[in-house]
Amino acid sequence: MKKILLIPDSFKGTMSSLEICGIMAESIHHHYPEAEVVSIPVADGGEGSVDAFLQALGGEKVTVKAQDPYGQEIDSFYGILPDGTAVIEMAAAAGLPLVGENRHAEKTTTYGVGQLIKDALRNKCKKLIIGLGGSATNEGGCGAAAALGVRFINKHHESFVPVGETLKDITAIDMTGLDPLLKQVPIITMCDIDNPLCGPHGASAVFGPQKGADAECVEMLDNGLHHMADIIKRDLEKDVLLLPGSGAAGGMGGGMAAFFGSRLQPGIETVLDTVHFNNLLEGADLVISGEGKIDTQSLRGKVVIGVARRAKQSHVPLIAVVGDIGGDIQKAYDEGVTGIFSINRVALPYEQLKLRAKEDLRLTVENIMYFMKHMR
């Protein structure tokens, strides 16, 4: 073994992708001390995305004042990669952890996310990667748009910054004040779900309850996003209602496409492109990926399958090390996965298993290395 690429997702609630890379690398070097091990920690756009990119590629973390979901000033941040790309995770200014138990999806704003984007533009960043995930908001990204010069007009011809409960008050959208720097930089939005903006599978119905919305509030929020989409279609001539991913992060997926012309794409594709994964595959003997559970959901383009497709094109075998294995995963092998190994070594409930997950991961990778050594 001369070169091994490590590119796991986090095991939610158990280990970060960075921790997993560290444990895997240690086990590999125990058996192959001379091997070049390249670690690429992955984040899905939510909390930890900036750190994952900086860990993989280097760069700097920029601290900046921004508004939290309730408009209070906080110390927020984003990352600038060596090539001038800014990585912004919306959770840094509009994340659920920032509101604690004070969850009111109808009152929260993404305005602070717009402030982070504005600061990155002022820092002459050449490209923006916006990670959606873990939001406390449900206002279609209107706050972020307002921070960057978009005007939302009500029936009194006044401009205002809409939140979930006031989306219904938008009568017009004026884009003439949009920050001109936005036209000069490409924006990619990391979005790992394909939910539409509204309806039973939309932002409000699926994610509203975890942000504090009861059934009545969910209906109000859904109607508000639908109204926003109607105004966007009329004034901006863009249809985001059924756009896959538009329901991400309280409808911010739709807002990113409508207000900023951003492309929505799976997080893993963004990561693979940004780290130049196809180049890293040159000369690689093995790729090890992984996620908390591999199942039919994984086949829709999550981390393991996204990586496997690229590895298959380069004829590099890929092993998936996972927490749990679901049923009907045969198609994973067709996509390029060579083998799937669960770290669960004993039959115990999850609450007990997660306490020993790190050691079980280490032992599982050790076993794989033992096997490979004796196969050669």
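Things to note:
- Screening THR274 against (1) open to solvent by 10 Å² or more (accessible area, probe 1.4 Å); (2) in contact with a Gly (Cβ under 8 Å, 6 or more places away or on another chain); (3) not aromatic (Phe, Trp, Tyr) leaves a single unmet condition, (2).
- Here VAL303 passes the criteria (1) surrounded by 13 or more Cβ atoms within 10 Å (Cβ to Cβ); (2) aliphatic (A, V, I, L, M); (3) over 24 Å from PRO266 (Cβ atoms) except the one numbered (3).
- Output for the range 85-104, where each listed residue is surrounded by 14 or more Cβ atoms within 10 Å (Cβ to Cβ) and either more than 22 Å from GLY143 (Cα to Cα) or in contact with a Phe, Trp or Tyr (Cβ under 9 Å, 6 or more places away or on another chain) (or both): THR85, ALA86, VAL87, ILE88, GLU89, ALA92, ALA93, ALA94, LEU98, VAL99, HIS104
- Residue in the range 326-340 that is nearest to GLU359 (Cα to Cα), counting only those that are part of a loop (DSSP other than H, G, I, E, B) and not charged (D, E, K, R): GLY326
- Some residue of the range 328-348 being more than 17 Å from ILE28 (Cα to Cα), surrounded by 15 or more Cβ atoms within 10 Å (Cβ to Cβ) and either in contact with a Phe, Trp or Tyr (Cβ under 6 Å, 6 or more places away or on another chain) or free of Cβ contacts under 8 Å to residues at least 12 places away in the same chain (or both): no
- Looking across the range 349-370 at every residue that is under 19 Å from PRO8 (Cα atoms) and of a type in the set (S, T, N, Q), the one that is surrounded by the most Cβ atoms within 10 Å (Cβ to Cβ) is identified as THR364.
- Here the strands (runs of 3 or more DSSP E) wholly within the range 217-325 that include at least 3 residues being within 22 Å of LEU197 (Cα to Cα) and touching a residue at least 24 places away in the same chain (Cβ under 8 Å) are 263-265.
- Evaluation of ASP194 against (1) touching a Pro at 6+ places or on another chain (Cβ under 6 Å); (2) within 20 Å of GLY95 (Cβ to Cβ) (one fails), failing number: (2)
- Which listed residue is modelled with pLDDT of 95 or more, open to solvent by 30 Å² or more (accessible area, probe 1.4 Å), more than 30 Å from GLU165 (Cβ to Cβ) and of a type in the set (Lys, Arg), from LYS61, LYS2: LYS61
- Within the range 1-38, tally of residues that are over 22 Å from the mean Cα position of the chain (by Cα) and either more than 22 Å from VAL316 (Cβ to Cβ) or part of a helix (DSSP H, G or I) (or both): 9
- Only strands (runs of 3 or more DSSP E) whose full extent lies in the range 120-182 are considered here, and the ones with at least 2 residues that are closer than 22 Å to VAL87 by Cα and touching a helix residue (DSSP H, G or I) at 6+ places or on another chain (Cβ under 8 Å) are 127-131.
- Sub-6 Å Cβ pairs linking a first residue in the range 90-118 that is under 23 Å from GLU219 (Cβ atoms) and outside any helix (DSSP H, G or I) to a second residue that is among the charged types (D, E, K, R) and open to solvent by 10 Å² or more (accessible area, probe 1.4 Å), at least 6 apart or interchain, are GLU106/GLU165, ordered by first then second residue.
- Between LYS107, LYS124, the distinction of being open to solvent by 30 Å² or more (accessible area, probe 1.4 Å) and either in contact with a Leu (Cβ under 8 Å, 6 or more places away or on another chain) or under 16 Å from ASP68 (Cβ atoms) (or both) belongs to LYS107 only.
- Conditions (1) under 15 Å from GLU89 (Cβ atoms); (2) hydrophobic (A, V, I, L, M, F, W, C); (3) open to solvent by 10 Å² or more (accessible area, probe 1.4 Å): number failed by ALA172: (1)
- With respect to being within 20 Å of GLY253 (Cβ to Cβ), of a type outside the set (D, E, K, R) and open to solvent by 10 Å² or more (accessible area, probe 1.4 Å), GLY22 falls outside the description.
- The condition of being over 25 Å from ASP230 (Cβ atoms), at pLDDT 95 or above and acidic (Asp, Glu) holds for only one of ASP119, ASP174, ASP169, that being ASP119.
The values are calculated or read from the model by the stated rules, or taken from the named source; none is laboratory data. Computed from a predicted structure; not experimentally measured. Positions of Cβ are generated from backbone atoms using ideal geometry, with glycine treated the same way; all protein chains shown enter the neighbour counts. Protein only, heavy atoms only, side chains kept; ligands, DNA and RNA dropped before computing areas. Shrake-Rupley method; radii C 1.70, N 1.55, O 1.52, S 1.80 Å.
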